[in-house]
1. Go through the range 83-118 and count every residue that is within 30 Å of Ala142 (Cα to Cα) and among the aliphatic types (A, V, I, L, M).
2. Considering only the range 103-190, give the helices (runs of 4 or more DSSP H) lying wholly within it that have at least 3 residues that are touching a residue at least 24 places away in the same chain (Cβ under 8 Å) and either touching a strand residue (DSSP E or B) at 6+ places or on another chain (Cβ under 6 Å) or among the aromatic types (Phe, Trp, Tyr) (or both).
3. So is Glu98 touching a residue at least 24 places away in the same chain (Cβ under 8 Å) and not in a helix (DSSP H, G or I) or not?
4. For the range 137-160, how many residues are at pLDDT 85 or above and of a type in the set (Asp, Glu)?
5. Here is a check on your reading of the model: is Phe22 surrounded by 19 or more Cβ atoms within 10 Å (Cβ to Cβ) and either under 21 Å from Glu143 (Cβ atoms) or not acidic (Asp, Glu) (or both)?
6. Tell me whether the range 75-87 contains one or more residues that are in contact with a Ser or Thr (Cβ under 8 Å, 6 or more places away or on another chain) and either in contact (Cβ under 8 Å) with a residue 24 or more places away in the chain or charged (D, E, K, R) (or both).
7. Being touching a residue at least 40 places away in the same chain (Cβ under 8 Å) and of a type in the set (A, V, I, L, M, F, W, C) is the filter here; which residues of the range 32-45 pass it?
8. For Thr170, which of the numbered conditions (1) more than 18 Å from the chain's Cα centre (by Cα); (2) over 20 Å from Thr15 (Cα atoms) fails to hold?
Amino acid sequence: MNLPNKLTVSRLILTGVFVACFYIPWSQSMTAALLIFSAASITDYLDGKIARSRNLVTNFGKLFDPLADKVLIAAAFILLVERTEMKAWIAISILAREFFVTGIRLIAANQGSVLAAESLGKHKMIWQIVTVLYFLLRAASAEVLFSPLRPLLAPSVTHDWIGYCLVGFTTILTLVSGFSYFWKNKHLFNDA
C-alpha cells in the first residue's frame, strides 16, 4: 500500500478516534476532537497532493479517498447536531448528497469505471471542513487550551450569523456539487 493510500486509511482510523472524543467523559474532549478532526482533514489534503505529484493515483485511492472523506464529514455533522446548535436537517442534506454521489460511483463501478472526485466536490469538502472546524472551535473555546478565544467565540448574535452563513453556504455548495456530479455522469443512467 502506497503512502497516499495509507493516509486515506489513517483518516478512517482518525475518524473513529474523533467520534470517541465526543463520548469520553473528559473535560478536554472537544479540544481533542478539534485536534483529531484537524489532523484527519490534513490527511485529506496530503493524500491527494502526494498521489498526484508522485504519480501514485490508484483505483483504491479513487474509491476510498472520497469514501473516507464522507465518513469523516458524516461523523462530524451528526456529532455536531448532537452537541451544538446545528440543526438535523443540515446533516440530513449533507448525508443525502454523500449517499447520492456514492450511489453514482457504485453504478459506475458496476459498469467497469471508477469516477474520481471533481473540483466542485473538493471545494465542497473544504467548506464542510471549515464549517465543522468553526463549530468545534466554538465548543473547544469553553475548555482550557482554547479558552483565550472564548470572548471571540462566545455565543452572540454576530457569531450566530457567522455560523448560519457558513452552514447555509456549505449546504448549498454541497447540494449544487451533488447535482453537478449527477449531471456530468448522467450517461450512467441511459438505461433508466
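1. Of the residues in the range 83-118, the ones within 30 Å of Ala142 (Cα to Cα) are 83-95.
Restricting the remaining residues to those that are among the aliphatic types (A, V, I, L, M) gives 86, 88, 90-92, 94-95.
Of the residues in the range 83-118, 7 are within 30 Å of Ala142 (Cα to Cα) and among the aliphatic types (A, V, I, L, M).
2. By residue number, 119-140, 157-184.
3. Values: touching a residue at least 24 places away in the same chain (Cβ under 8 Å): yes; not in a helix (DSSP H, G or I): no.
When the stated conditions are applied, Glu98 does not pass them.
4. Residues meeting the conditions: 1.
5. Taking the combined requirement at face value, the residue does not satisfy it.
6. Taking the range 75-87 and keeping what is in contact with a Ser or Thr (Cβ under 8 Å, 6 or more places away or on another chain), we get 75.
Cutting the leftovers down to either in contact (Cβ under 8 Å) with a residue 24 or more places away in the chain or charged (D, E, K, R) (or both) gives us 75.
Yes, the range 75-87 contains a residue that is in contact with a Ser or Thr (Cβ under 8 Å, 6 or more places away or on another chain) and either in contact (Cβ under 8 Å) with a residue 24 or more places away in the chain or charged (D, E, K, R) (or both).
7. Passing the criteria: Ala33, Leu34, Phe37.
8. Failed condition: (1).
The values are calculated or read from the model by the stated rules, or taken from the named source; none is laboratory data. Just so it is clear, the structure is predicted and the values come from calculations on it, not from any experiment. Positions of Cβ are generated from backbone atoms using ideal geometry, with glycine treated the same way; all protein chains shown enter the neighbour counts.
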